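Below is one structure, written out as structure tokens, with a few remarks after it.
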Amino acid sequence: MIPPKIPIFPLPNVVLFPTVLLPLHVFEPRYRALVEDALAGDRVIGMVLLRPGFEANYEGRPPVFQTGCAGNITHAEQLENGRFNIVLRGETKFRIAGEDVGRAYRLARIDAIEDADDGNAIVVMREQRERLLRILQALLARMGSEARFPPDMSDEELVNGFAQNLELDALERQALLELPGVLPRCRALADLLEMKSHASPGGWEGTALH
């Protein structure tokens, strides 16, 4: 369970999903302080996406999407220049309820959001997972690549991993994150990939993973 108050790290192109790893290079002084405090505490950082137009107030407190994902620092390396290389593992979605001021970085009061788990939709989930994999296999084959997907990955790991690591627009990833569960996220991701495939008959570059 994540604490009710966590530091948030707003970025313009990064959306973290539960169960997925995210490497980050942290160089701004305020976010280096954030990492130092997190490492001295519960090691939790909330990732949130900056809203369009953030550039006008980037050094202050630009607007962010209210739904984000809290991650746990699984690896941290402080460099000689004071910067950090860290790895976050996505844990839980959250919604920002408010922010506290007084620190160089942003500290948010949050409400955790659990993805819905409909145990009665096992058959539908299997069908949507197979559909998503078929679409990805077809797209990769069109580009001359061979698709290899670990068969033992859970539905959550598979769907969230693709949602985070495929070359999607940040707003598309944010929309996927905000969906209420793995099944609707899987269905929406498959729909999105089909649409992109039809829009680019010669092959969609977004099948490359980060």
Given the options 135, 96, name the one that is of a type in the set (Val, Ile, Thr), within 30 Å of residue 28 (Cα to Cα) and surrounded by 14 or more Cβ atoms within 10 Å (Cβ to Cβ).
96
Of (1) without any contact (Cβ under 8 Å) to a residue 60 or more places away in the chain; (2) assigned to a strand (DSSP E or B), residue 82 fails just (2)
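Quick grid of which residues meet (1) within 28 Å of residue 154 (Cα to Cα); (2) surrounded by 13 or more Cβ atoms within 10 Å (Cβ to Cβ); (3) within 18 Å of the chain's Cα centre (by Cα):
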| residue | (1), (2), (3) |
| --- | --- |
| 5 | no, yes, no |
| 14 | yes, yes, yes |
| 19 | yes, yes, yes |
| 33 | no, yes, no |
| 41 | no, no, no |
| 53 | no, no, no |
Neighbours by Cβ (under 7 Å, 6+ apart or cross-chain): first from the stretch 133-154, assigned by TED's automatic domain parsing to the domain that holds residue 195 and under 12 Å from residue 193 (Cα atoms); second at pLDDT 85 or above and among the small types (Gly, Ala, Ser)
135/190
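The values are calculated or read from the model by the stated rules, or taken from the named source; none is laboratory data. Bear in mind that the values here come from a model prediction, so they are computed numbers and not experimental data. Neighbour counts are summed over all protein chains in view; Cβ atoms, including those assigned to glycine, are modelled from backbone coordinates with ideal geometry.
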